[in-house]
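As structure tokens, the structure follows; a few thoughts come after it.
Derivation of every value follows stated rules applied to the coordinates shown; laboratory data play no part. As the structure is a prediction and not an experimental result, all values here were calculated from the model. All Cβ positions, glycine included, derive from the backbone under ideal geometry; neighbour counts span all protein chains shown.
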Amino acid sequence: MAYKLLIDGNLVDGASTLDVINPANGTVFASCARADEAQLEQAVAAAKRAFPAWAALSHAERRDYLNRLADAVQARETEFVELLTREQGKPLPQAKFEIAGSIVALRYFGEQSFPLETVRETEDGKILEQRAPLGVVAAITPWNFPVALLMIKVAPALSVGNTMIAKPAPTTPLTTALFGEVAAKILPPGVFNVIIDANDLGGKITSHPDVAKVAFTGSTPTGKRVMQSAAGTVKRLTLELGGNDAAIVLDDVNVKEIAPKVFNAAMLNAGQVCLAAKRIYAPRSLYDALCEELAKLAREAVVDDGVHQGTQIGPVQNKQQYEKVLDLIEGARAEGKVLAGGSAVQRDGYFIQPTVVRDLSDDAPLVREEQFGPVVPVLVYDSIDEVIERVNDSEYGLGGTVWTDDPDRGLQVALRIQSGTVWVNKHLDMPFDVSFGGAKQSGIGRESGIDGMKEYTQLKVINIANKAA
Ligand code: ADP
């Protein structure tokens, strides 16, 4: 199949092509269209032209389009799932979960709307609030959840009347191209465009005068560049950036019962989740037991190609990240104790053994930085005040988890954590009616939920006096 760009309703070849590697074997398995600057300009111009008519549709009409998109993705669900695993590396059940969630997102945000609201009405007049669409929205997405993170942008942005440019990460462009193919048959020309680059067009998008908003998910360093580049045109921005989430285990838990949950919170999608548990804090009384239990789970985990049944942990998505994670592990070995894993798996592809490290200081790079891979440090604490201070001593503040048999204790800890989301005794429960986002350098703005959807609108106040004089 040919993976093309979508510009102004047409599926087109790129000015050049881009090779896409299957991370499970490190070899090129597909080639897709790569846009140049002229094609980006065409896409932005098409989205700008399409905007007035799309914004003028009734919300019910746009909802129907989104439902048709959802139906069409559903009809090709298996294709999406298999392609996602091949380009991203995640095990098939996780790919299935991502695609199924994306279909729900299209329908859910399609359903939501913002009718005119009356703030107050008096004999003399009234004050209204309108939520108007912004114009052309650019969605810039990363390689860990290429479909889900696109859909939670596309669905609310289109539902409220914006038109779009989508730009996936260059190592996972195919599922976005496939969505473009689906959308080409359904949406009016220009409403949704797909531009694929080799990490070279991002700056052009974020500074483009005809792009009204950038919805970006990616690393904190790139997010800072996006913010800088968007300043020139005072663009609206949503930045979902990195995290260094803590899992805080309280002293009342049954270690054997919670260990698998904490392990999954760290290792899901081979640890490549912004909201993964990236440092685990255990009370001294449970430290040895938890370390051992997590190490056992790491040794037993099935690491393999995501297409094989039973795979728990797939490869790291790309070579650059693979090398970065291996470097962090090497650094940690010098200071701490590697209890399980500790190296690459000797096979083709970007596989790393799930790795658990203990006895690191809070200053170790594996503790302070975002590892974004299948390795996790386990740290010891002596008091709640101390652990909260250490957890909050980070420039990140995305999520976090607390594990305890007493949900009230969990709440008291959660209230003191500086982050956008805290789960108690669960992880990554992200219903679409609940927003998420980062504190501190983990981001700006919210995604998902009604709060997230509002970020695709401009709040306008209309203040009316009944009489002209
Ligand atoms: P990573 O560093 O893990 O590859 P990034 O945060 O750089 O992740 O990538 C997330 C998305 O941002 C990708 O779609 C990437 O192509 C895009 N991107 C990279 N550089 C820029 C930039 N200067 N401006 C906007 N987007 C960019």
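Label 7 Å along Cα→Cβ of residue 234; region 41-72 residues with amide nitrogen under 16 Å?
No residue qualifies, since no backbone N sits under 16 Å from the label point.
Taking Cα pairs under 8 Å and at least six residues apart, what relative contact order does the chain come out at, in percent?
Relative contact order, the chain: 18 percent.
First check a/c for the chain, with a ≥ b ≥ c the square roots of the eigenvalues of its C-alpha gyration tensor; if it is under 1.5, answer rounded, and if not, answer prolate when a/b is larger than b/c or oblate otherwise.
oblate
So what is the relative contact order for region 253-408, in percent, with contacts set as C-alpha pairs under 8 Å and at least six apart?
29 percent
Taking 0.36 nm per residue of separation and subtracting the Cα-Cα distance, what length does fully extending residue 412 through residue 382 add?
9.1 nm
Go through region 184-249 and name the trypsin sites (Lys or Arg not before Pro) that are in a DSSP coil and have 12 or fewer other Cβ atoms within 10 Å of their Cβ.
Hits after loop and neighbour filter: 185.
Using only the Cα atoms of region 299-458, build the gyration tensor, take square roots of its eigenvalues as a ≥ b ≥ c, and label the shape rounded, prolate or oblate: rounded if a/c is under 1.5, else prolate if a/b is larger than b/c, else oblate.
oblate
Report the GluC sites (Glu not before Pro) located in region 372-446 that are in a DSSP loop and have at most 12 other Cβ atoms inside 10 Å of their Cβ, or state none.
For GluC sites (Glu not before Pro) across region 372-446 that sit outside H, G, I, E and B with at most 12 neighbouring Cβ atoms in 10 Å, the list reads 395.
For the pair residue 337 and residue 468, what calculated FRET efficiency results from E = 1/(1 + (r/R0)^6), where r is the Cβ-Cβ distance and R0 = 51 Å, to the nearest 0.05?
FRET efficiency, residue 468 to residue 337: 0.05.
By how many degrees, 0 to 90 and rounded to 10, does the Cα axis of helix 255-267 deviate from the longest principal axis of the chain?
50 degrees
Say the cut-off is 21 Å between C-alpha atoms; which of 204/454; 278/440; 261/296; 126/460; 167/224; 167/324 go over it?
From the list (204/454; 278/440; 261/296; 126/460; 167/224; 167/324), the Cα-Cα distance tops 21 Å for 204/454; 167/324.
If the chain between residue 97 and residue 307 were fully stretched, how many nm would it gain, using 0.36 nm times the residue separation less the Cα-Cα distance? Working shown, then result.
Values: separation 210, 0.36 × 210 = 75.60 nm, distance 1.43 nm.
74.2 nm is the gain from fully extending residue 97 to residue 307.
For residue 362 and residue 113, FRET efficiency with R0 = 35 Å and r from the beta-carbon atoms, rounded to 0.05? Write out the running numbers ahead of the final one.
Working: r = 47 Å, r/R0 = 1.34.
That pair, residue 113 with residue 362, gives E of 0.15.
So, with +1 on the Cβ of K and R and -1 on the Cβ of D and E, and no other charges, what is the size of the charge dipole of the chain about its Cα centre, to the nearest 20 debye?
Magnitude of the dipole: close to 1140 debye.
Amide H neighbours of residue 135 under 5 Å, at least 5 residues apart or on other chains, H built in the peptide plane: list them.
163
Report, by chain and number, residues whose modeled amide H sits under 5 Å from the one on residue 247, excluding near sequence neighbours (fewer than 5 apart, same chain).
Here 278, 279, 280, 281, 401 satisfy the definition.
Could you give the distance between the Cα centres of region 110-152 and region 185-227, to the whole Å?
Centre-to-centre distance over Cα atoms comes out at 19 Å.
Quote the relative contact order of region 339-469 in percent (integer), defining contacts as alpha-carbon pairs under 8 Å separated by 6+ residues.
Averaging sequence separation for qualifying contacts and normalising by length gives 14 percent for region 339-469.
Place a label point 7 angstrom from the Cα of residue 76 along the Cα-to-Cβ direction, then list the residues of region 1-36 whose backbone nitrogen is under 11 Å away.
1-4
Per residue of region 46-61, what does 6.51 cos²θ - 1.76 cosθ + 1.60 with θ = phi - 60° give for ³J(HN,Hα)? Whole Hz please, x for Gly and Pro, Karplus curve as stated.
Once rounded to whole Hz, the list reads 5, 5, 5, 5, 6, 4, x, 6, 5, 5, 7, 5, 6, 4, 4, 5.
Given a Förster distance of 22 Å, report the FRET efficiency between residue 346 and residue 219 from their Cβ-Cβ distance, rounded to the nearest 0.05.
0.15
Jot down the radius of gyration and Dmax of region 291-363, Cα atoms only, both in angstrom.
Just the Cα atoms of region 291-363 yield Rg and Dmax of 12.7, 39 Å.
Between helix 148-159 and the chain, what is the angle of the helix's C-alpha long axis to the longest principal axis, kept within 0 to 90° and rounded to the nearest 10?
20 degrees
Under 1.5 on a/c is rounded, so check that first for region 97-186, then, if it is not, pick prolate when a/b is larger than b/c and oblate when it is not; a ≥ b ≥ c are the square roots of the alpha carbon gyration tensor eigenvalues.
Since a/c reaches 1.5 and a/b is larger than b/c, the shape of region 97-186 is classed as prolate.
Starting at the first residue of region 318-327, write each ³J(HN,Hα) from the Karplus equation 6.51 cos²θ - 1.76 cosθ + 1.60 with θ = phi - 60°, in whole Hz, x for Gly and Pro.
Couplings: 8, 5, 4, 5, 4, 5, 5, 5, 4, 4 Hz.
Would you be so kind as to identify which of 428, 182, 22 lies farthest towards the positive end of the dipole of the chain, taking Lys and Arg as +1 and Asp and Glu as -1 on Cβ and the Cα centre as origin?
Of the candidates, 182 comes out farthest on the positive side.
Which residue, 230, 450, 255, has the largest displacement toward the positive end of the dipole of the chain when charges sit on each Cβ (Lys, Arg +1; Asp, Glu -1)?
Going by the charge dipole, the pick is 230.
Between the helical axis of 77-88 and the dominant principal axis of the chain, each derived from Cα atoms, what acute angle in degrees is found, rounded to the nearest 10?
The two axes meet at around 60 degrees.
Roughly how big is region 326-419's charge dipole about its Cα centre, with Cβ charges of +1 (Lys, Arg) and -1 (Asp, Glu), in debye to the nearest 20?
Magnitude of the dipole: close to 380 debye.
Once the piece of chain linking residue 429 and residue 19 is laid out straight, how much longer is it, given 0.36 nm per residue of separation minus the C-alpha distance between them? Don't jump to the answer; show the numbers that get you there.
Values: separation 410, 0.36 × 410 = 147.60 nm, distance 3.46 nm.
Additional length available on full extension: 144.1 nm.
Taking the simple approach of a point 7 Å from Cα along Cα-to-Cβ for both residue 58 and residue 389, what is their distance in nm?
A separation of 6.1 nm, rounded to one decimal place.
Using θ = phi - 60° and the Karplus curve 6.51 cos²θ - 1.76 cosθ + 1.60, what whole-Hz ³J(HN,Hα) does each residue of region 181-191 get, with Gly and Pro shown as x?
Values per residue, Gly and Pro as x: 4, 5, 5, 4, 7, 10, 7, x, x, x, 5 Hz.
Using the crude model of +1 on Lys and Arg Cβ and -1 on Asp and Glu Cβ, and no other charge, please compute the dipole size for region 273-319 relative to its Cα centre, in debye to 20.
I would put it at about 280 debye.
Residues with amide H under 5 Å of residue 34's amide H, sequence separation 5 or more or different chain, H placed in the peptide plane at 1.01 Å from N; which?
14, 15, 16, 17, 18
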